[in-house]
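Remarks on the structure that follows.
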Number of protein chains: 2
Amino acid sequence: MALHDRIRTEIEGQILSGTLQPGDKVPSELELMAHYGCSRMTVSKALTALSGAGLLQRRKRAGTVVAPRPTETMVLDVPDLAVEIARRGQAYRFQLIGRDIRPPRPEDELDEGLARAGLLLFVRGVHSADDEPIAYEERFISLTAVPEITEADFSVESPGSWLLRHIPWTEAENRIGAVGAHPDWAARLNIAPGTACLSIERKTWRGDERITLVRQKFVAGSFELVARFGAA
Amino acid sequence: MALHDRIRTEIEGQILSGTLQPGDKVPSELELMAHYGCSRMTVSKALTALSGAGLLQRRKRAGTVVAPRPTETMVLDVPDLAVEIARRGQAYRFQLIGRDIRPPRPEDELDEGLARAGLLLFVRGVHSADDEPIAYEERFISLTAVPEITEADFSVESPGSWLLRHIPWTEAENRIGAVGAHPDWAARLNIAPGTACLSIERKTWRGDERITLVRQKFVAGSFELVARFGAA
DNA sequence: CCGGTTATAATGTATAGACATATATTGCGC
DNA sequence: GCGCAATATATGTCTATACATTATAACCGG
């Protein structure tokens, strides 16, 4: 392991193990370079990395301190459904229910960004694995931002996959909750209204431009999000 | 803005905007240092940062290429419930239902790590906001790893908050799903059995040592997880 | 044409030094 | 004492250089 990596790992270990508490001062670069017998750049690289990871806070003249334990933050993988289902060894299918080009309506409960985006492509469909419905999806796509999507064929590929391949987003926001199945779409999932579903609403942007809003309902038990955080 | 920051931002922008596609080759450090008229270290710093963020892949001799678009990965904040509810301006309370020291049982459906951890502290309780129940929680804590928790007073503080303050974890795994309320605890939340709930199961480790497993059920609509990813 | 060896091009790591910048501390004048 | 200016300290940025490492590419013998 490289020296700067070793330094980083050692300090990281002291923080994660609690030996160094939030607010505690970390030795200055000069002290560390004496301790490890290396140049300042090497120490600096280690500390800068930890600072970037949010474990340390560095201020000129004041020195380096352990960052306050943040709101527990973990990395959440939001997989492409088609890929995820294929990985389980099941046959993925997206079944289009409806496709509509129209202006936003009040009952869509859109956010400001999309409500003022002009014409929208509104797509509804069901994701299924081995012909078992897994999730119902409603999606609004700004035609101002993505005019070329009118040519996409959603009987082959889900709108999500299409967007993922064609329009990189730069910013996204997910809201994750639970909800009882609504009569309007419960039948699409072969479940009784009121059955528990995992609800995911995602908005994406490219720069300042709103791209899409999607609301997905997963039958309880059919799908789980897994978030993992930690070393290694 | 520092030069290495500018370089990083410019390349990042080209990736996020799609100008540079996954697999595309990024100019070599030599070319970039000619382009920006700076030293190699400066270019390297920018590229190393982007590599650390997962946007680039660097290989000796082969050069630097744009990383394949990963499974969409976003940062998920898992707030301390007490803090989160306080932020909403509501009064947080944890009501202890039961507290038990006993060995693991098969019906606990624990993972290997905890099942073999020896004695466990088993705690059940309800989180409430303004005396409205929000979440039901079952938690198993390894007494081997955290013997001092027997002295904690959970009528004052939830086990989660106590652990957060006393035992830093180094690794954690969350599973997020939806589930219909089980009769055993539906009444605790003042809801009918079968009502949709958001289910979170979290395991934490400190090093190789299993610390705790917690299962929380949130009444649908009372709580949402928000994950945000992007620049700035 | 195949397979192994060698050369080479890229990144990886590290050094020593210079100057810039922000800020906590000190001390001075009042 | 109080407020402002000077000073010292720690980090931030950057350069120029050196050598290490590694995967690709080129070469060459059989």
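Considering only residues that are within 18 Å of the chain's Cα centre (by Cα) and crowded, with 17+ Cβ neighbours inside 10 Å, which ones fall in the range A:173-200?
Across the range A:173-200, the qualifying residues are A:Glu173, A:Asn174, A:Ile176, A:Gly177, A:Ala178, A:Leu198, A:Ser199, A:Ile200.
Can you pull out every residue in the range A:1-22 that is among the acidic types (Asp, Glu) and under 13 Å from B:Thr170 (Cα atoms)?
A:Glu12
Quick test for you: out of A:Gly125, A:Gly118, A:Gly98, A:Gly54, pick the one residue that is out of contact with any Pro (no Cβ under 9 Å at 6 or more places or on another chain) and either away from chain B (no Cβ under 12 Å) or open to solvent by 20 Å² or more (accessible area, probe 1.4 Å) (or both).
A:Gly98
Please work out which one of (1) modelled with pLDDT of 95 or more; (2) away from DNA strand D (no atom under 16 Å from the Cβ) is the condition B:Asp77 fails and give its number.
All conditions pass for B:Asp77, except number (1).
Scan the range A:23-41 for residues that are surrounded by fewer than 18 Cβ atoms within 10 Å (Cβ to Cβ) and within 12 Å of DNA strand D (Cβ to nearest atom) and jot them down.
A:Lys25, A:Pro27, A:Ser28, A:Leu30, A:Glu31, A:Ala34, A:Ser39, A:Arg40, A:Met41
So which pairs qualify, if the first residue must be in the range B:166-179 and within 7 Å of chain A (Cβ to nearest Cβ) and in contact (Cβ under 8 Å) with a residue 24 or more places away in the chain, the second must be buried (at least 21 other Cβ atoms within 10 Å of the Cβ) and part of a helix (DSSP H, G or I), the Cβ gap must be under 9 Å, and the two must be at least 6 apart or on different chains?
B:Pro168/A:Ile15
Please name all residue pairs, on different chains or six or more residues apart, with Cβ atoms under 6 Å, provided the first residue is in the range A:79-94 and is in contact (Cβ under 8 Å) with a residue 12 or more places away in the chain and the second residue is in a helix (DSSP H, G or I) and surrounded by fewer than 17 Cβ atoms within 10 Å (Cβ to Cβ).
From residues that are in contact (Cβ under 8 Å) with a residue 12 or more places away in the chain, the pairs are A:Tyr92/A:Ala86.
Quick one: which strands (runs of 3 or more DSSP E) lie wholly within the range A:111-187 and hold at least 1 residues that are at pLDDT below 90?
The strands (runs of 3 or more DSSP E) meeting that bar are A:171-180.
Which residues, counting only those in the range A:206-225, are open to solvent by less than 50 Å² (accessible area, probe 1.4 Å) and either within 11 Å of chain B (Cβ to nearest Cβ) or basic (Lys, Arg) (or both)?
Of everything in the range A:206-225, those that are open to solvent by less than 50 Å² (accessible area, probe 1.4 Å) and either within 11 Å of chain B (Cβ to nearest Cβ) or basic (Lys, Arg) (or both) turn out to be A:Gly207, A:Arg210, A:Arg215, A:Lys217, A:Phe218, A:Val219, A:Ala220, A:Ser222, A:Phe223, A:Leu225.
Here's the yes/no breakdown for (1) within 16 Å of DNA strand D (Cβ to nearest atom); (2) within 24 Å of the chain's Cα centre (by Cα):
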residue: A:Ser44; (1), (2): yes, no
residue: A:Leu50; (1), (2): yes, yes
residue: A:Gln57; (1), (2): yes, no
residue: A:Arg69; (1), (2): no, yes
residue: A:Ile85; (1), (2): no, yes
residue: A:Arg116; (1), (2): no, no
residue: A:Phe140; (1), (2): no, yes
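Could you list all residues from the range A:1-40 that are of a type in the set (S, T, N, Q) and away from DNA strand C (no atom under 13 Å from the Cβ)?
A:Gln14, A:Ser17, A:Thr19, A:Gln21
The values are calculated or read from the model by the stated rules, or taken from the named source; none is laboratory data. Since the structure is predicted, the reported quantities are computational estimates derived from the model, not experimental observations. Cβ coordinates were reconstructed from backbone atoms using ideal geometry, including for glycine residues, and neighbour counts include every protein chain displayed. Ligands, DNA and RNA are stripped out before the accessible areas are found, and what is left, the full protein with its side chains, is counted by its heavy atoms. Shrake-Rupley method; radii C 1.70, N 1.55, O 1.52, S 1.80 Å.
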